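Asker: My questions all concern the structure below.
Just so it is clear, none of the values below were taken in a lab; they were calculated from the coordinates. Since we're looking at a predicted model, the values are computed, not measured. FYI the Cβ positions are ideal-geometry reconstructions off the backbone, even for glycines, and counts take in every protein chain you see.
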Amino acid sequence: MNLTLLAQSDRTIFMPEPASTIAGTVDGIFYFIFYVSLFFFVLIVGLMFFFIVRYRQRTPGEGPKTQITHNTPLEILWSVLPTFLLVAMFWLGFVGFLDMRTVPKDAYEIRVDAKKWTWEFIYPNGIGHPELHVPVDRPVRLVMYSQDVIHSCYIPAFRVKRDVVPGRYSELWFTANKVGEYRLVCAEYCGEGHSDMFAKVVVHPAGTFEDWLATADPLSALSDEQYVEFMADPQAFIDKYKDDPEIGENVQRLKVPALLGKALYEKKGCSQCHTIDGTDLPDKGPTWKGLFGKTETFSDGSSVVVDRDYIAESIREPGKRIVAGRQNIMPKPRVSDRELRQIVEFIKSLQSD
Amino acid sequence: MSTLDASAAALPAADLPAGDNYLTCDRGFKSWAFTLDHKRIGVMYLTGILIFFMIGGLFALLVRTSLPVPGVAGQAKGPITAELYNKFFTLHGAIMVFIVIIPGIPAALGNFVLPLMLGAKDVAFPRINLMSFYFWCAGVVLALTSLVLGGVDTGWTFYTPYSTTTNTAVIPVVAGAFMLGFSSIFTGLNFIVTIHKLRPPEMGWFKMPLLLWAIYSTGIVQILATPVLGIILLLLIVERAVGIGIFDPALGGDPVLFQHFFWFYSHPAVYIMILPAMGVMSELLTVFSRRHIFGYSFIAYSSVAIAVFGFLVWGHHLFVSGQSNLLNTIFSAITFSVAVPSAIKVFNWLATLYKGSINLKTPMIYALGFIWIFGIGGLTGLFLGTLATDVHLHDTYFVVAHFHFVMAGTIFTFFGAVHYWWPKIMGKMYNEALGRWGAMLSMIGFNITFLAQFWMGSLGMPRRYFHYDPFFQPYHVASTIGAYIMGFGFLLTMICLVHSLFRGKRAAANPWGGVTLEWRTASPPPHYNFDRTPPVTDPYDFNLVRYNADTDAYDFIPAEERVAVPAGHH
């Protein structure tokens, strides 16, 4: 069954498909205002066109049929009557908004890390993932933080939006009530990659979200000892454990660290500034192709042959030593030690022969 | 016989040749560069603003030209990169808001018309008036400097911390906006003093043309709100230059503080833009329907009410930025209160058309178009003032379309006003057919452009997007087609005006039959505006003039011939 197609049929003419509990309320208020506005617009413009036709000047210099200057009761009437409608709109919007802002106590919490120009969703078990996965019919609270400029987390299908501001946590919540895939986008202008800063939202059917979460990161199944063994000789480790009753299923999804690093290269946003095909972006970072083993000269005149330690330092403390001719623009990425080592292996794999 | 007449008669004949007007009385570059004549300053503003309207419009077309194809994330669209696109919309917004629309009606047309409407020789402070113009020029030069230095990509709103961290030329354009703000403050101050001090003794507040109420209300907003913009822009420059930490959270600052200050000015600035347009509306609708304005005092007070309420609604731009629920509720409630005076004006204008004698000259087409456009602009504001729906619509194309319907309402009224006073300013008539085609095409194109944007906005299309979900492509294509139709319409309008300068027929003193005082002097007016002090009358009593078929214009009926005004007229 094509869920996306099914959901599309629920789209109304002016609003995207609704997929959260508050979407119905928001759409109801939207269409209420729409019909009130349509009524007044047709009234105003209709009268205008009627007057234009009915009272058009037939001969040059023709005078009007009245010179009435005012009618106070009428004017008071048309000042006061619309006010009641305005109060109704305000009230509906206010009540709906309070519902949007009052987070249920039992909401499932997911941390959101925004930076130019990626989203990362960190689940309660510590796994960071570029997609937002949520269970259906369960309140979810997003606790959001920005590492650089202001972003805004907007999920049109859920009718929710909240700015993600550096220096403070902001939150929003929703209860997705329709299984399917949706889009989360950045709504606050944040520069060159603003329109590319989107993420997939997956609403899982009841009971399957936990399964997804458990297997979201295949490495999560490995003990520290197994992880050391895996890093030492990945292929041998995979061959050895692929039929293991406990971790076999995860091991089959394991990749060698360089490939894991390549995935992180996309996921952590490294790809925004570093290419891996040798193209140099002068305003950004160096290409990773052939970087390992190359000699880099710093702005203070010192130099280094790029090795694992130097790469690790550059990721942990991007501003410590700046390569001559480059600017200090790299944000500090949020990577675990495991992830850092995978990125290092990936860069090493791009070494020139 | 007035004193002005007597003093003019006393001058040697050589100083006042017959038929000499403010355009021909003095020649040469210096006579314009150092002029203190409000009319010449108005003409210089008008020229500059029309040129920058075309430049700003060109950037708008570049924005629309970037958007008919959705593009692929991370990739350029032919020669247009995301970075370039961001500069296009930033420059479009900054030029249109700060250089064109804010000074548009008050500084260009207000300068020309305001003293004439008061029967005065000039504004209260002619030197400050010239200084305002040079501040405007300085602002323009700074904005152009930023363009030469590679442009700016912050959006016209300059939100921190993006604006403090991007490596484009932010400082010159912000300094430019700062200078333009000063220009605006001085203009507002000048006009307020002029209305207070140079109003003829017989012209009470409620005998002023409604445009003067609008310009007066605008002046209050300019004086009280613009300094706040100046402060925040200076802080932004200092933050960027030396990192004082007002906005940077890493240094203990607050990035959202910028938004509060910015909108504390920029929301009232919407009323700086729209109030003069509403004033112009009251002039155009009455003259071209030959009807006395309906409900003078309601319209006058609603201008003041809009100016006052306009100060208290800035927080509706921050409903999703992290503002407290209490503050959001208060700002939403006050926002709805602005809808009432706006609605009053629209209903009163409609009632003015009732049983009129409606003449669809070019300025009237713009005025009637404004009722349509402002109707949509105003009503769609209700969706955004409502908290629950604003959360969904905020920062989407719905907002973009909404404020274009409001601000371009001002632009269209500005062009209505340009056509209306053009014969007075230049002494030439324009080609009526060309004027009408320009008006119709630009407004039709405008509606296509932005109705498509309302639609995709409510469907969830965020603003300032270079790449987008292919789902929205049909809406973007429609919008771009509309933009080109609009551009063509404005091109016709420009051709119409330039054509008039070279080929236009000589304009009569009162081609439309207006009864405000500027129509009592020659077209173009003499250097000192009036040969004799004009009599103050009801600004909307069209029994004062009669149509002259020989000149296709109107003549004021001499007092002795006029029939008594019917009782109960007031």
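Asker: Apply the Karplus parameterisation 6.51 cos²θ - 1.76 cosθ + 1.60, with θ equal to phi minus 60°, to every residue of segment A:325-331 and state each ³J(HN,Hα) to the nearest whole Hz, in sequence, with x for glycine and proline.
Answerer: x, 9, 9, 7, 10, 6, x
Asker: For the protein assembly as shown, report the % of Cα-Cα distances exceeding 57 Å.
Answerer: Roughly 19 percent, rounded to a whole number.
Asker: While we're on this one: Within a 10 angstrom radius of each residue's Cβ in A:37-44, how many Cβ atoms of other chains show up on average? Whole number is fine.
Answerer: 5
Asker: Once you list every other residue whose beta carbon is under 9 Å from the beta carbon of A:TYR108, what net charge do they have if Lys and Arg are +1 and Asp and Glu are -1?
Answerer: It works out to a net charge of 0.
Asker: I need the calculated FRET efficiency for the pair A:GLU246 and A:ASP337, taking r as the beta carbon distance and R₀ as 35 Å, to the nearest 0.05.
Answerer: 0.90
Asker: Arrange the following residues from fewest to most other Cβ atoms within 10 Å of their Cβ: A:ASP337, B:ASP550.
Answerer: B:ASP550, A:ASP337
Asker: Using the Cβ atoms and a cut-off under 13 Å, what net charge is assigned to the surroundings of B:LYS355, where Lys and Arg are +1 and Asp and Glu are -1?
Answerer: Every neighbour counted, the sum reads +4.
Asker: As an exercise, use a Förster radius of 30 Å and the Cβ-Cβ distance of A:GLN235 and A:ASP211 to find the FRET efficiency, rounded to the nearest 0.05.
Answerer: It comes out at approximately 0.60.
Asker: Normalised by the number of residues in chain A, what is the relative contact order in percent for Cα pairs under 8 Å and 6+ residues apart?
Answerer: After rounding, I find 13 percent.
Asker: Under the rule of -39500 (n - 2.57) per DSSP H run of 4 or more residues, summed and divided by the residues of the protein assembly as shown, what mean residue ellipticity at 222 nm is obtained, to the nearest 500 deg cm²/dmol?
Answerer: -17500 deg cm²/dmol
Asker: What is the average number of partner chain Cβ atoms found within 10 Å of a Cβ in B:284-292?
Answerer: Shielding by partners across B:284-292 averages 3.
Asker: Just need the relative contact order of chain B here, percent rounded to a whole number, with Cα pairs under 8 Å and 6+ apart.
Answerer: Once normalised by length, the contact order is 17 percent.
Asker: Looking at segment A:10-109, which trypsin sites (Lys or Arg not before Pro) are in a loop (DSSP not H, G, I, E or B) and have at most 15 other Cβ atoms within 10 Å?
Answerer: Filter output for segment A:10-109: A:ARG11, A:ARG58, A:LYS65, A:LYS105.
Asker: What average count of beta carbons from other chains do you get within 10 Å of the Cβ of residues in B:362-373?
Answerer: For peptide B:362-373, the averaged partner shielding equals 1.
Asker: Sticking with this structure for a sec: Could you tell me whether segment A:131-283 comes out rounded, prolate or oblate from its Cα gyration tensor? Rule is a ≥ b ≥ c as square roots of the eigenvalues, rounded for a/c under 1.5, then prolate if a/b exceeds b/c, otherwise oblate.
Answerer: Note, shape of segment A:131-283 comes out oblate.
Asker: To continue, here is another question. Show the residues, 5+ positions off or on another chain, whose built amide H is closer than 5 Å to the amide H of B:LYS505.
Answerer: B:MET429
Asker: Dividing the convex hull volume of the Cα atoms of chain A by its residue count, what figure in Å³ per residue is obtained?
Answerer: 250
Asker: Where in chain B are the helices, taken as whole DSSP H runs, whose Cα atoms extend 30 angstrom or more along the long axis and whose Kyte-Doolittle mean reaches at least 0.0?
Answerer: B:38-65, B:126-148, B:170-197, B:210-242, B:255-287, B:325-353, B:362-385, B:397-426, B:432-458, B:473-503
Asker: Okay, next question. For segment B:13-561, take every pair of Cα atoms, bin their distances at 10 Å starting from 0, and report each bin as a whole percent.
Answerer: Once binned at 10 Å, the Cα pair distances of segment B:13-561 give 4, 18, 29, 28, 14, 6, 1, 0.
Asker: If I fit a long axis through the Cα atoms of helix A:257-267 and take the longest principal axis of the Cα atoms of chain A, what angle between them do I get, 0 to 90°, rounded to 10?
Answerer: Tilt of helix A:257-267: around 20 degrees.
Asker: How much length would be gained if the chain were fully extended between B:ARG532 and B:HIS499, taking 0.36 nm per residue of separation minus their Cα-Cα distance, in nm to one decimal?
Answerer: 8.6 nm
Asker: Right, something else. Between B:LEU58 and B:LEU451, how high is the FRET efficiency from 1/(1 + (r/R0)^6) when r is the Cβ-Cβ distance and R₀ = 35 Å? Nearest 0.05.
Answerer: It comes out at approximately 0.95.
Asker: How many angstrom lie between the C-alpha centres of segment A:165-185 and segment B:37-88?
Answerer: 34
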